[in-house]
Structures are given as C-alpha cells and as structure tokens.
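Please treat every number below as a calculation from the coordinates, not as lab data. What you see is a predicted model, and the numbers here were worked out from it, not measured in a lab. Cβ atoms come from the backbone with ideal geometry, glycine included; neighbour counts cover every protein chain shown.
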Amino acid sequence: MAARGIRYGLIALAFGTGVMGCTQVAPPVLPPPPAPLLPEQPADAAPVEPSQASKDLAAYYGRLQDQLLAQGLLRGDGGGPDTPFTDTQLARNFVRIALFNEYRDDSDLRRPQATVSKLRRWSGPIRMSIRFGDTVPLNQRRMDEATVSAYAARLSRISGVPIRLTDRNPNFHVLFLGEDDRRNFGDELRALIPNIPDATLRSFVNLPREQLCVVIGTFAPGQSNYTKAVALIRAEHPSLMRSACIQEELAQGMGLANDSPGARPSIFNDDEEFALLTRQDELLLRMLYDPRLQTGMDPAVAAPIARQIAREYLAQGES
C-alpha cells in the first residue's frame, strides 16, 4: 500500500527551568511567562520563490495524494455504516491513543516507539497562533488560516477547552513551512522551546519526507498538563493532505498523542484511510476532557473510567 512508511506524529517533552521532567501545576495557574519575541511577519508579505528541492517535494506529495485517493483512502466522511464501533472498542482505542506516546521524549522522529504515558491534556485556555514560512503563497496562507480557524473552533466545541487565535503570548504555534523555511528555522524553534533535545531539533530541521507533519508538546517537570505545543505542517502538501495534517496534529496536540492500527474509523491510524476527524475521534477527544478523568492518571486507573464513559456515550446514541 502506498500509505506505508509515511508518518504523522507527536512528541511530548517535559521541560522545567533547565531540567527535564514530566508534568505541570494544578489550578490556580499563574500567568505564563512572556513568549519569546519572534520576527513580525506581515500577512501579505510577498512570498519567496521556493528552491527546486521544495518544488520536487511538492510534486512528490501531489503524486502521493493521487495514489492514496485512487486506493479509496483519505476519506473525509467521518465514518459510516461500513465502520461501526462498540463501546468496548472506543474505550480500548482511548487507552491506546490517549495513554501512550508515539515517540520517546528525546526522539529523532525516525523511529516511532510507543511508550506508556499518564493522561496528558491542557488545563487552561489555548492561545493559538499561525505562522507561515516565506515561501508559502499568499492564497495558500489565506486558505490555511481559514482552515485552522474553523478547526480550532470545532476542537474547542468538542473538548470544552477555550481556543482562540491570537499572536499575543501564544502557547500553541501552528507553523506552515516549506522545505527551505524549515531548514532555516532551527534558531526560532530553539527560541520557542529553549530546552528542546538536540536530536529532536536536528530532525525537525532535516525532516525526512516520510514524516508528513509533526507536533511537539511540552509540559513542566512532575506534571502532565501541556504548557506549549508547536505543530509543523509542510507547505508543499496539496490541499487535502495539508487539511489532514492540520486535523491530526492539532488533535494530537490536544493530548491524543498516539496512533493505533486497531482504531477505525480514525485519523489516529497510519493506514491513511481517513484524512479528516471522524465521529469516533470526536468521542475520543470528548473523553479526554471528561471531568471524570483527571490529568496525570495512569492507564490502570483511567481505563475502567474510560469504559464507563464509552458505555454512556454510545448508549446516548453518540456513535
């Protein structure tokens, strides 16, 4: 299958003041420190001509999207009669996707390695910013801004987490970068995530083409609430693949950090059957922010609660 070997992903990084750990402060939350100042980018700045390498990559992803569509993949229907799921499956998928990490904290993005995790999510509002590389065409910028804006509102409705688009002290950065932009973004990524492991930074800058997009989430030592996220969307992707990356990476950045080959219908499955958030994915996100589950729960504690929540959701006709 053409989809094999292409990857989306989330890395969860634990950062304190110069130390690495694994969680964050319970409410009440102190005001976050000011974000590093990055160069202003006028929304209508004239784009720079991309390199031949970037153009070749765009052609490759265009062919890949065509191949996937020809195989009946990249569905956008959210699932239907051909993809039923039970409350048992929903609960099992929740544990696998929300309570495991797809990559190690110091990952180089080349070797997915699922590891057990505590329940991680946001405890306060998300301030989401959108940034474009210099090579991104203006019409594509406008399209992607509208897509992110609509999807952020949808994620907020599903999860109950306040999400607004703003450049004022953002804590969730959505980057649309071409190959040339990304290769020159190392210093700015280090400014956004000062303690990012060198291996992760190098892999971000030298991202293999099989890695379609990625999101990095950070949390404070000893805690499990996210404090910052940085999502990378390749600007070379054709429109449907960009939308697929937006939907998966932003949802992963909410705390659905892993993939599972048994999840169907779902975008958290590397078979590429679904490009856009499915009905089961919406339920997984609702479950993640259900108040009966608590940030920092381990799988043994969270799993029976998840089973009860899944039974209730499906008994109410949520599927």
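Sorted from greatest to least, the principal axis extents spanned by the alpha carbons of segment 162-270 come out as 37, 35, 29 Å.
By DSSP, the beta bridges lying fully in segment 168-276 are antiparallel in about 55 percent of cases. For segment 114-228, take the alpha-carbon Rg, divide it by the Kirkwood Rh, and send me Rg/Rh. Over the Cα atoms of segment 114-228, Rg/Rh equals 0.96. Each Lys or Arg adds one and each Asp or Glu takes one away; over the other residues whose Cβ falls under 14 Å from the Cβ of Leu192, this sums to +2.
Could you compute the net charge surrounding Val301? Neighbours are other residues with a C-beta less than 13 Å from the C-beta of Val301; K and R count +1, D and E count -1. Once positives and negatives cancel, what remains is +2.
Using a cut-off of 14 Å between beta-carbons, work out the net charge of the residues near Leu74 (Lys and Arg +1, Asp and Glu -1, Leu74 not included).
Working: positive: Arg63, Arg75, Arg242; negative: Asp66, Asp77, Glu248, Asp270, Asp271, Glu272, Glu273.
With Lys, Arg at +1 and Asp, Glu at -1, the neighbours total -4.
Judged by the mean number of other Cβ atoms found within 10 Å, the most tightly packed of the peptides 277-287, 176-186 leads the ranking 277-287, 176-186.
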